[in-house]
Amino acid sequence: MEAADYEVLSVREQLFHERVRECIISILLFATLYILCHIFLTRFKKPAEFTTVDDEDATVNKIALELCTFTLAVALGAVLLLPFSIISNEVLLSLPRNYYIQWLNGSLIHGLWNLVFLFSNLSLIFLMPFAYFFTESEGFAGSRKGVLGRVYETVVMLMLLTLLVLGMVWVASAIVDNNKASRESLYDFWEYYLPYLYSCISFLGVLLLLVCTPLGLARMFSVTGKLLVKPRLLEDLEEQLYCSAFEEAALTRRICNPTSCWLPLDMELLHRQVLALQTQRVLLEKRRKASAWQRNLGYPLAMLCLLVLTGLSVLIVAIHILELLIDEAAMPRGMQGASLGQVSFSKLGSFGAIIQVVLIFYLMVSSVVGFYSSPLFGGLRPRWHDTAMTQIIGNCVCLLVLSSALPVFSRTLGLTRFDLLGDFGRFNWLGNFYIVFLYNASFAGLTTLCLVKTFTAAVRAELIRAFGLDRLPLPVSGFPRTSRKTQHQ
């Protein structure tokens, strides 16, 4: 063989080893996420649904749980996708020729983006509908009972759902773009239909983030206040402990003397209330034993960090709005080739990249808090060891929709300059200036409105309670005036 042939073989062998290495890294990363999500879901599932007398129902629930674990792992991967890409770019900039990070390259990052896009399509369009229909199916009438009969019914229902969604996408395509070429492109199921359908789902996810994130940013202050110990000026733990012990004693008396009340009592409900009060009292005892550092330093620092992160997010979005009016390059766009390690995606270098990653995680957590705090989706909130299988499926679908829209959400708001890779940058609405501009303006306006309303009301209420003004017969805003009849009583 000639030297040129040996050179071609060596290049092919090197490419083969690189592909194998990327495949192994991807499998290890996904396996880690899968194990973490499986441990997480087992803490919320109902044990009674997996230990039933009917082995068929238990088997169906186990299969559905594994599908939910896969979907939640994909959602977690979508959350980590953009931060991992930003950090990888900064690492390659800092250590361009390090031997131990040669596995970290643009080809690996681009492959991870494509895998997340593929698995998101697979989970939203096939796996989650299959899991839901599978848990609700009973098999066709007259067929043999068993898991296989349920599989047949689920497959038929899934095919009917696919036809329904296909028709809806055709109607939407005809309304949005009444063009023969655009309709014919939908015949290519893999190359055009699935990305188009996922583009619609991603747009709904971005709209959901627009609603939930401002609400979550306002709720983060109250949620953090419940988790941390407040200073004595803002919280009276002795009074809370006294009230909790008084309520527990009253409920215990009703349980011990059920005949003393002429109304029928729900003993199970009373026992649950007593257990909840005991748990609350234990938590209050722990909060009372907190050190002065935790009480007087931890809470103010946490509130200050939340305020800085929220204000920084609104400031970045406001600057991005001005950039959209001046520079066309501020529009979100896709990038086919991942050219990492050449230039930083932040003007502040590595420090700016860290700020971008922190803001992305903070907005994602805020969106989840806002999602479960909203009246529409509050009923989906999972409960510890008391979440039904259908509720787990609904939570996984919603979390996947939110997380898969996070890269597009972050790039649209200008939180990062990292362009969208793979099929994430092929969404048609990303090139529409009016949609992007209105989205940024709506986010800045809603976040500012929620923060001003919630923060001022919370501070006013806390100060009024701290100084005892809520106990006085004063016309204080936010507290009803006590009537004279109540005062004499």
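For residue 420, the amide hydrogen comes within under 5 Å of the amide hydrogens of 333, 335, counting only partners 5 or more places away or on other chains and with H modelled in the peptide plane. Count Lys and Arg as plus one, Asp and Glu as minus one, and take only other residues whose Cβ is under 14 Å from that of residue 446; the net charge is then +2.
Annotation: extensible slack from residue 278 through residue 155 equals 39.5 nm (criterion: 0.36 nm per residue apart, minus Cα-Cα distance).
Under 16 Å from a label point set 7 Å out along the Cα-to-Cβ vector of residue 165, the amide N atoms of the stretch 54-76 belong to 68, 71-72, 75.
Annotation for residue 351 and residue 376: the two label points, set 7 Å from Cα along the Cα-Cβ direction, are 4.1 nm apart.
Calculate what fraction, in whole %, of the accessible area of the stretch 37-141 sits on carbon and sulfur atoms when a 1.4 Å probe is rolled over the protein chains. Heavy-atom surface of the stretch 37-141 belonging to carbon and sulfur, 1.4 Å probe: 66 percent. Near residue 392: Cβ cut-off under 14 Å, other residues only, Lys/Arg at +1 and Asp/Glu at -1. The net charge is +2.
Can you send over the carbon and sulfur percentage of the accessible area for the stretch 349-408, probe radius 1.4 Å, protein chains only?
Numbers: 1660 of 2170 Å².
Carbon and sulfur: 76 percent of the exposed surface of the stretch 349-408.
Of the GluC sites (Glu not before Pro) found in the stretch 114-168, those in coil by DSSP whose Cβ has at most 14 other Cβ atoms within 10 Å are 138. What is the sum of charges around residue 65, taking Lys and Arg as +1, Asp and Glu as -1, for the other residues whose C-beta is under 13 Å from the C-beta of residue 65? Net charge in that neighbourhood comes out at +1.
The values are calculated or read from the model by the stated rules, or taken from the named source; none is laboratory data. Computed from a prediction, not measured in an experiment: that's the story for all the values here. We place every Cβ from the backbone using ideal geometry, glycine too, and count neighbours over all the protein chains shown. Each accessible area value is taken on the protein alone, full model and side chains, heavy atoms only, with ligands, DNA and RNA left out. Shrake-Rupley method; radii C 1.70, N 1.55, O 1.52, S 1.80 Å.
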